[in-house]
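Please treat every number below as a calculation from the coordinates, not as lab data. Since the structure is predicted, the reported quantities are computational estimates derived from the model, not experimental observations. Here the Cβ positions follow ideal geometry from the backbone for every residue, glycine too, while neighbour counts run over all protein chains shown.
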Ligand SMILES: O=C(CO)COP(=O)(O)O
């Protein structure tokens, strides 16, 4: 079971900070990410991350497919709520499939903290 990490461009710095702060926890999970997010996270944190395609090229859908196959146990997706994205339908589809499968989904830093807390509680 993997944990997915995704951030739109305006939120990538926030996700890097979050992943750096929580790297000791995150390194225990199989991490997956959309293309650019994964590249930047790996460079900044040294975490081992399986990179999917970039979001606009289908990465959100690839992560959605993992959710649909019950291969993903949580999605942390720092969306940019202030910028229109060309692949908005893919983003909506990912959020929807998380709800369909009742997969914890965080779309901002406060909920990302809560999701990570929940994951570590499940482990104990
Ligand atoms: O657009 C994204 C998610 O919708 C993120 O894609 P990148 O990680 O490739 O920037």
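Need the full-extension length gain, residue 1 to residue 109, defined as separation in residues times 0.36 nm minus the C-alpha distance. One decimal, nm. Don't jump to the answer; show the numbers that get you there.
Values: separation 108, 0.36 × 108 = 38.88 nm, distance 2.19 nm.
Value of the extension gain: 36.7 nm.
For residue 9 and residue 92, a Förster radius of 25 Å and the Cβ-Cβ distance give a FRET efficiency of 0.85, rounded to the nearest 0.05. The length gained on full extension between residue 100 and residue 83, counted as 0.36 nm times the residue separation minus their Cα-Cα distance, comes to 3.5 nm.
In plain terms, the chain from residue 121 to residue 43 could stretch by 25.2 nm, reckoned as 0.36 nm per residue minus the Cα-Cα distance. From the largest down, the range 1-73 spans 29, 26, 15 angstrom on the principal axes of its Cα atoms. Averaging Cα coordinates gives a centre for the range 98-123 and one for the range 1-46; these two points are 14 Å apart.
Relative contact order of the range 2-123: what whole-number percent is it, with Cα pairs under 8 angstrom and at least 6 residues apart? Kindly include the intermediate steps, with their values, before the conclusion.
Values: 190 pairs, mean separation 34.0, N = 122.
Averaging sequence separation for qualifying contacts and normalising by length gives 28 percent for the range 2-123.
By count of other Cβ within 10 Å, fewest leading, how are 61, 42, 1 ordered?
On the way: 61 19, 42 16, 1 11.
So the residues, fewest neighbours to most, are 1, 42, 61.
Measuring r between the beta carbons of residue 24 and residue 54 and using R0 = 22 Å, the FRET efficiency lands at 0.20.
Hey, what number do you get for the chain at 222 nm if only DSSP H runs of n ≥ 4 count, each worth -39500 (n - 2.57), divided across all residues, to the nearest 500?
Numbers: 6 runs with 63 residues, N = 124.
Estimated from H runs of four or more residues: -15000 deg cm²/dmol.
Which value, in Å to one decimal place, does the Kirkwood hydrodynamic radius take for the range 2-123 when every pair of different Cα atoms is included?
Numbers: mean 1/r = 0.0716 Å⁻¹.
Averaging 1/r across every pair of different Cα atoms and inverting gives 14.0 Å.
Across all directions, the average projected area of the convex hull around the alpha carbons of the range 64-124 is 4.3 nm².
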